[in-house]
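Take a look at the structure below.
The values are calculated or read from the model by the stated rules, or taken from the named source; none is laboratory data. The shown structure was predicted, so the numbers you read here are calculated from the model rather than taken from an experiment. Note that we place each Cβ from the backbone using ideal geometry, even for glycine, and neighbour counts take in every protein chain shown.
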Amino acid sequence: MIKVGIVGATGYAGAELVRLITSHPLAEISAISSVSFHGQKLSEVYPAYININDMECETQEEVVEKSDVIFAALPHGLSQELAAVCVEKEKTFIDLGADFRLESEEDYKEWYDGEFLDKELHKQAVYGLPELFRENIKKGKKIIANPGCYTTCSPLAIAPAVKLGLVETKGIICDCKSGVTGAGRKPSQGNHFPELNEGFHAYKVASHRHTPEIEQTLSKLAGKKVTVTFVPHLLPVNRGILATVYADIKHGVTFEQITNAYEEFYKDEYFVRVLPNGMNADIHNIKYSNYCDISIHHDKRANKLIACAAIDNMVKGAAGQAIQNMNIIFGLDEKTGLTIIPPAF
């Protein structure tokens, strides 16, 4: 059994890791930690876990010592020193935060107002979006930068078209909607129920921190610099992200070619479901699961590709993908512990 430690277990992503690992046949939770709830039982914070996980929140040091793999579900800026400790002790470190996602320190400074504390440590990190960078993950590096939710959904929506050169890389628009759990567990004015309920609005327009991460992924696929317009919106629901990505189809490329390209690109990907023409990706159909549903559409008048992708931001956009990465690193079947079927209604 793989011994799993979770740092930041009382946040939404951390609690979701607990839920999923508890059902994993080849992994078990060895220790958990929380700054806010140190010494308290997880089941006191989340009564859903009564008699399922009554572990007490310990220190980060205890979590590292007791575990083979450490998941860090922490805000940005808090993972670098912990990662260094894990690497020194030859433990696998999977970071659900943003500290290792960006390859450019300049981008990290600009968007997160931070710096790389150890540049050599960052060279040991690999970006963990399995469907696009699986071979890099398999190389056995000890630090995995687990992608964010928007930065999983948006690239997967448009990846085949960009990778195969079927669309123009200039003018790509990522128009995304997320459930409120993406904002984290800490209350704020923006996720206060009276403010959120029966409302729908864009936020951090053209200034969201996931922008350079999306561009980094698409640039790797395209083999050249890609700049996108990214606008996130907040939905009055708990879970789910719907990314609608717009791109100009290249002259001479048919929609039939694009359809065939998507089916071929994702044919062996268990967690990506390319929907039949005429269907629409819907967050209802992926809830609680690690699936990403993709539907593609052709705006004939403007000759644009419209690609829609739906994920559960807490699973494929966070905890589920982190476990998918763990499975790859430890040589397990990638879908082990993640074959959760979404509820039909």
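Key figures
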| quantity | calculated |
| --- | --- |
| Total residues in the stretch 16-55, condition of a type in the set (Ser, Thr, Tyr), outside any strand (DSSP E or B) and touching a Ser or Thr at 6+ places or on another chain (Cβ under 8 Å) | 4 |
| Residues (in a strand (DSSP E or B) and more than 19 Å from Ile296 (Cα to Cα)) located in the stretch 230-263 | Val231, Pro232, His233, Leu234 |
| Those residues of the stretch 173-200 which are crowded, with 17+ Cβ neighbours inside 10 Å, part of a helix (DSSP H, G or I) and either among the aromatic types (Phe, Trp, Tyr) or at pLDDT 90 or above (or both), in sequence order | Val180 |
| Tally, over the stretch 260-319, of residues that are in contact with a strand residue (DSSP E or B) (Cβ under 9 Å, 6 or more places away or on another chain), without any contact (Cβ under 8 Å) to a residue 60 or more places away in the chain and more than 23 Å from Ile94 (Cβ to Cβ) | 23 |
| Members of the stretch 166-197 found to be under 30 Å from Ser36 (Cβ atoms) and under 19 Å from the mean Cα position of the chain (by Cα), listed by number | Cys176, Lys177, Ser178, Gly179, Val180, Thr181, Gly182, Ala183, Gly184, Arg185 |
| Failed item in (1) small (Gly, Ala, Ser); (2) free of Cβ contacts under 8 Å to residues at least 60 places away in the same chain; (3) in contact with a Pro (Cβ under 9 Å, 6 or more places away or on another chain), with Gly77 passing the rest | (3) |
| Extreme residue, nearest to the chain's Cα centre (by Cα), among residues of the stretch 201-218 that are in contact (Cβ under 8 Å) with a residue 40 or more places away in the chain and in a loop (DSSP other than H, G, I, E, B) | His210 |
| Flag for Lys66 being of a type outside the set (A, V, I, L, M) and exposed (fewer than 14 other Cβ atoms within 10 Å of the Cβ) | no |
| Residue within the stretch 318-328 that is part of a loop (DSSP other than H, G, I, E, B) and modelled with pLDDT of 95 or more present | no |
| Among the candidates Thr227, Thr181, residue that is of a type in the set (Ser, Thr, Tyr) and under 25 Å from Ile296 (Cβ atoms) | Thr227 |
| Qualifying residues in the stretch 88-141 (those that are acidic (Asp, Glu) and under 21 Å from Lys225 (Cβ atoms)) - the one surrounded by the fewest Cβ atoms within 10 Å (Cβ to Cβ) | Glu106 |
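Here's the yes/no breakdown for (1) part of a strand (DSSP E or B); (2) in contact with a helix residue (DSSP H, G or I) (Cβ under 7 Å, 6 or more places away or on another chain):
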| position | (1), (2) |
| --- | --- |
| Pro276 | no, no |
| Asn280 | no, no |
| His284 | no, no |
| Lys287 | no, no |
| Ile294 | yes, yes |
| His297 | yes, no |
| Ala302 | no, no |
| Leu305 | yes, yes |
| Ala309 | yes, yes |
